[in-house]
Each structure stands twice: as structure tokens, then as C-alpha cells.
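K.L.:
Got a structure for you, questions after.
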Amino acid sequence: MADLLAPLIDHFHARTPIRAGSLVVTVFGDAVVPRGGVLSLESLLAITRAFRIGDGVVRTALSRLVADGWFERWKLGRNSFYRLTASGAAAFARATARIYGPAAPTWSGAFDLLVLDGAGERRAELAAAGYGSLGPDLMIGAMPVTGGGEGTSGEGISGEGISGEGILRLAARPDDPQTARRLAARAWPVAEVGARYARFRDTFAAAGEAVAARPPAGLDALVLRILLIHEYRRAVLKDPLLPADLLPRDWAGAAARSLCATIYRTVAPAAEAWLDANATTDSGALPPPGAAFAARFAA
């Protein structure tokens, strides 16, 4: 299994400087939050050493995360313990929904057009809600099919609150699928995100084959799972999660998600077994994961 992990860890280290803090956040979000959210420093260092990251680098990264309001820290005896703050947990909950959640909903065939008449200060808010940009004063959303007809764009967005003074709103239906895809490519970073997914797919293709033949055990399984999610999130957190009808026919995101889900589900049992046996909180062993963990990458 060293032959599988070594090139992936080398790939992780190829990005300099090493962002140990980002990896720590991935460890907590993927492995710790589903199991109560608290982890001892000793347990964290056992994981990060497998990534060939020095203890001092991790301690420095943790200090910065605490200072920046992402984590809180306390001590019992000689050991320190960490968990995400309320604001950090809320931010990661949003990321979790994107990383492990279902594919984008079916498109209704209509776009939600917003003309910002003196409401330009809301562009960031609208972009966070899933809207793309067609110009300084024009934003666009892909309206999904909902139970009651047509909704609006974005991940879990109902359209409520996307109104107010300075916003003119209308719906539009393109004449043909080609026009719809061209609009999407103009409004959202479709090509850039597709390239990210392609890099992920190429990086983990060999791992997918190796895991299918012989799944890793113990800490190796957890390290592979964390590497997998750490790399996948670089693409999916940039993805506007558009419906398939608006994406190129050779869209790499579908294959990347399928590969990620397959590897994740294969290594998860062994990774969880390692956490059961080795990871500790301020009150003993980690509690078992909740129901939401079992739903990750559900079809």
C-alpha cells in the first residue's frame, strides 16, 4: 500500500508552501465532526505524521486556526484538545453539503435573470447563492425543477430573499440546448472547474484500480480517504453545481464524483476502524458516527 500512498503524498507536498492548516480542516471535517467533533492533539499528530508533516508545523497551523476563530483549544493534563468553533462548524457544514451531497437537481429549462439596478453591492451574496455573472449588472441562475414547479438557482436555494429594491427579476428560456450551454459557459467558470475535476480524476485513477483489487487497512485507509477528500474539495467547492443539461457533454465532474464516491465507500470501514481503536477525545474514545455519515455520496 506504500506504493499507492507515496505518490499521492508526494503530490500533496508538491504544492508549496505546505498548507498544513487546510489539511487539518479536512481531517476534522471528514473524520472528526461526524464523530462528536473533538480530537486530541496526540491523535491528530498520529494522522499528520503519516502525511510526512512535522509536529511543529501542525502545532503552528493549529495556533493560527485558533487565532483566526476556526478552532477552540483546551487542555486536560498534558494533552490538548481541539474542535471547530460554532462559526467554523457552520462554514464546514456548508462545504460538507457540497462535497458529499447529491448531484445537482434537474433543470427546469429556464434561467432566472437578475438585473441589478443600483444593487451591485449584492453581487457577492448572489454569487454565493449560486448565481453567475453575464455582466456588471446582470446575474443568472439555473432554475431547477421543484416539487411545486420552478425554483431558482443554486444549492438548496428556494429563491426567497433574492428580491428587494434595486433588483429586477425575470425568467427566460433559451431556444435550444446549445444556447443554454453557451450561456452557462459565459456566466460560470465551467472550463476551469472541469479542468480541476480532470486533474482529480487523473491523480486518483490508479488509486481507484488499486483499491478495487486490494482495499487498504488501518491508518493507510484513513490517509487515503483524507487525501481523496482534500483533493476533491479543491474542485467541488469551486463548482457552481449546475444541472447536467448546462454542462459540456464530456464534463469531467461526473466521472470525478463517481471515482471519489467509489474509493470513499471502499476505504471508509477500515478508516473508521482505525479511528475506533486509536483516536481519542477529552472523554475517551471517539463516539460512533451518526446517520449523516452513512448518507455520504448516496446515489
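The values are calculated or read from the model by the stated rules, or taken from the named source; none is laboratory data. On a predicted model such as this, the values are computed, not experimentally measured, just so you know. Ideal geometry is used to build each Cβ from the backbone, glycine not excepted, and the neighbour counts take in all protein chains shown.
K.L.:
Restricting to the range 57-111, what's the tally of residues that are aliphatic (A, V, I, L, M), more than 30 Å from residue 182 (Cα to Cα) and more than 21 Å from the chain's Cα centre (by Cα)?
P.N.:
Count: 5.
K.L.:
Select, from 265, 296, the only residue that is of a type in the set (D, E, K, R), under 21 Å from residue 219 (Cβ atoms) and in contact with a helix residue (DSSP H, G or I) (Cβ under 6 Å, 6 or more places away or on another chain).
P.N.:
Only one candidate passes the filter, namely 296.
K.L.:
Looking at the range 8-17, can you tell me whether even one residue there is within 24 Å of residue 264 (Cβ to Cβ), assigned to a helix (DSSP H, G or I) and free of Cβ contacts under 8 Å to residues at least 24 places away in the same chain?
P.N.:
Yes, the conditions are met somewhere in the range 8-17.
K.L.:
Same structure again: With the structure loaded, tell me whether residue 247 is buried (at least 18 other Cβ atoms within 10 Å of the Cβ) and farther than 19 Å from residue 31 by Cα or whether it fails that test.
P.N.:
When the stated conditions are applied, residue 247 passes them.
K.L.:
Also, quick follow-up: Condition (residue is modelled with pLDDT of 95 or more, under 22 Å from the mean Cα position of the chain (by Cα) and assigned to a helix (DSSP H, G or I)) applied to the range 283-291: is it met by at least one residue?
P.N.:
no
Every residue, every condition in (1) modelled with pLDDT of 95 or more; (2) closer than 29 Å to residue 296 by Cβ, yes or no:
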residue: 47; (1), (2): yes, yes
residue: 71; (1), (2): yes, yes
residue: 92; (1), (2): no, yes
residue: 138; (1), (2): no, no
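K.L.:
How many residues does the range 37-94 contain that are in contact with a Gly (Cβ under 9 Å, 6 or more places away or on another chain), touching a residue at least 12 places away in the same chain (Cβ under 8 Å) and part of a loop (DSSP other than H, G, I, E, B)?
P.N.:
Selection size over the range 37-94: 3.
K.L.:
Tell me, yes or no, whether the range 222-240 has at least one residue that is assigned to a helix (DSSP H, G or I) and farther than 26 Å from residue 52 by Cα.
P.N.:
Checking the range 222-240: not a single residue is assigned to a helix (DSSP H, G or I) and farther than 26 Å from residue 52 by Cα.
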